[in-house]
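Accompanying notes for the structure given below.
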Amino acid sequence: MNFAFTSEQEELKATTRRFLTQRLPTSLVRTTMESTTPIPIDLWQAMVDELGIAGLLIPESQGGLGLGFVEAACVLQEIGRAVAPLPFLVTSVLGASLLNQADSDDPVIAETIAGISSGAVVLGLACGTAEHPLHPSGTWHDTGIEAESRFVLDGAQATHLLVTLQKEDEWVLALVRADAPGVVLTQQTTLDLTRPMAQVSFNASPGTMVLDGPALEAATLAFEILADASMAQDMVGGAERVLEMSVAYAKDRHQFGRPIGSFQAVKHRLADMLVDLESAKSVALYAAFTLADQADDQAIAATTAKATCGDAYYRIAASSIQVHGGIGFTWEHDAHLYFKRAKADQILFGNGTAQRRKLAHLLGII
């Protein structure tokens, strides 16, 4: 297994970084996330049109690019680096992967997949719990769907919603249009406004069956692996940018006639941040390649990556605030954005403790 990006993958990273640097600076991130439309849909559509990344994991036979998870990792790292409030994770990675396992002959599912590739569809993921997002959020009766979820990723501006339900004696995954009867979406104010969430309620709402039975059980296991590995990429990208900001500030900020980076205490803190970053990058990259190759240890690799990167990103972001001193504590400084994203990412899909408990089960320790 080769643990290095190809020239094409490096170019994908560079192109994505260039687009986000030019079109989505942190000043625009702040303006967008504090508005009633926290996802910049027009910018997302432009990104889809220019880079074609929305259908990255969708097979070519269904109008996508048919690429693998390593390419997705390249984009996820750059989105994390920019703390971008974009729907790539939920729509193009997690949602698309679930729909890829459904019956593509179903016209509703086929139309939705095509909409993802074109950028017309934005998916919201109705989470059951933070650690178990595909646990049922309600029930599906003959009269329609009755459910409620407080934590719907990208929900406020979603065109379609994926929700897991109890139907008779089994779990099912349903696809529901956001404008369907009985669907009410309310934007939530959360710790990390760069990863927008909404509250959703369904009242006798119609839906389309996506997965059920053994197919949903298999999809749930695959989803957990994919979610953990994806979050690791986002966190590595953010942590890398935070360290760069901290080093630059330590060189520029002077006290007592010399850069603060020349002081031993600051040097040691920056060195610890670098060690954390390099460890996180290693496990995140390993997870990406094991997932792309469908290796036997992909679950172990993804779980380890989520735990390691989550804790490392949080420590790096917290240390960055210390390096920046008083200005780092202010809302006006970008260190604040990354710190909140780091904490939210650490919790999403299970924090370090939950991931290590999962890892212990995978290894047969408990």
Checklist entry - When DSSP assigns beta bridges and you keep just the ones with both residues in segment 108-187, what percent turn out antiparallel, to the nearest 5? => result 75 percent
Checklist outcome for this item: So, relative contact order of the chain in percent, Cα under 8 Å, 6 or more apart, is 15 percent
Next on the checklist: Could you put Arg30, Arg253 in order of accessible surface area, largest first, with the 1.4 Å probe and the full protein assembly present?
Outcome noted: Arg253, Arg30
Checklist entry - With every protein chain in place, what's the accessible area of Ile109 (1.4 Å probe, Å², nearest 10)? => result 0 Å²
Checklist outcome for this item: SASA check, Val323, accessible area w/ 1.4 Å probe, all protein chains in place, rounded to nearest 10 Å², comes out at 10 Å²
Checklist entry - Considering only DSSP states other than H, G, I, E and B, which GluC sites (Glu not before Pro) in segment 1-51 qualify as loop sites with at most 10 other Cβ atoms within 10 Å? => result Glu34
Checklist entry - Of the residues Pro87, Pro25, Pro38, which exhibits the maximal mean-square fluctuation in a Gaussian network model of the chain defined by a 10 Å Cα contact cut-off? => result Pro25
Item to check | Residues whose placed amide H lies under 5 Å from that of Leu161, excluding near-sequence neighbours | outcome: Gly124, Val176, Arg177, Ala178
Item to check | the chain - Rg (one decimal) and Dmax (whole number), Cα, Å | outcome: 20.5, 75
Checklist outcome for this item: Sequence order, segment 23-37: Karplus ³J(HN,Hα) from phi using 6.51 cos²θ - 1.76 cosθ + 1.60, θ = phi - 60°, Hz rounded, Gly and Pro as x, gives 10, 9, x, 4, 4, 6, 4, 4, 4, 5, 5, 8, 9, 7, 10
Checklist entry - HN-Hα J couplings of segment 350-357 from phi, Karplus 6.51/-1.76/1.60, θ = phi - 60°, integer Hz, Gly and Pro as x? => result x, 6, x, 5, 5, 5, 5, 5
Checklist outcome for this item: Of all stretches in the chain that avoid chymotrypsin sites (Phe, Trp or Tyr not before Pro) placed in a DSSP loop and having at most 16 other Cβ atoms within 10 Å, the longest is 4-255
Checklist outcome for this item: Computed for the chain: size of charge dipole around the Cα centre, +1 on C-beta of each Lys and Arg, -1 on C-beta of each Asp and Glu, debye to nearest 20, value 1940 debye
Checklist entry - Once phi is turned into θ = phi - 60°, what whole-Hz ³J(HN,Hα) does the Karplus curve with 6.51, -1.76 and 1.60 give for every residue of segment 196-213, x standing for Gly and Pro? => result x, 10, 9, 9, 10, 10, 10, 10, 6, 8, x, x, 10, 5, 9, 9, 8, x
Checklist entry - Quick one: accessible area per residue over the chain, 1.4 Å probe, rounded to a whole number of Å²? => result 42 Å²
Checklist entry - Which of the lysines could a cross-linker bridge to Lys251, judged by Cα under 26 Å and excluding same-chain residues fewer than eight apart? => result Lys267, Lys281, Lys340
Item to check | Portion, in percent, of the accessible area of the chain that falls on carbon or sulfur, probe 1.4 Å | outcome: 54 percent
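The values are calculated or read from the model by the stated rules, or taken from the named source; none is laboratory data. Remember, it's a predicted structure, so these values are computed and weren't measured experimentally. Every residue, glycine as well, gets a Cβ built from its backbone with ideal geometry; the counts of neighbours run over all protein chains shown. Keep in mind that these areas ignore ligands, DNA and RNA; they rest on the heavy atoms of the full protein, side chains included. Shrake-Rupley method; radii C 1.70, N 1.55, O 1.52, S 1.80 Å.
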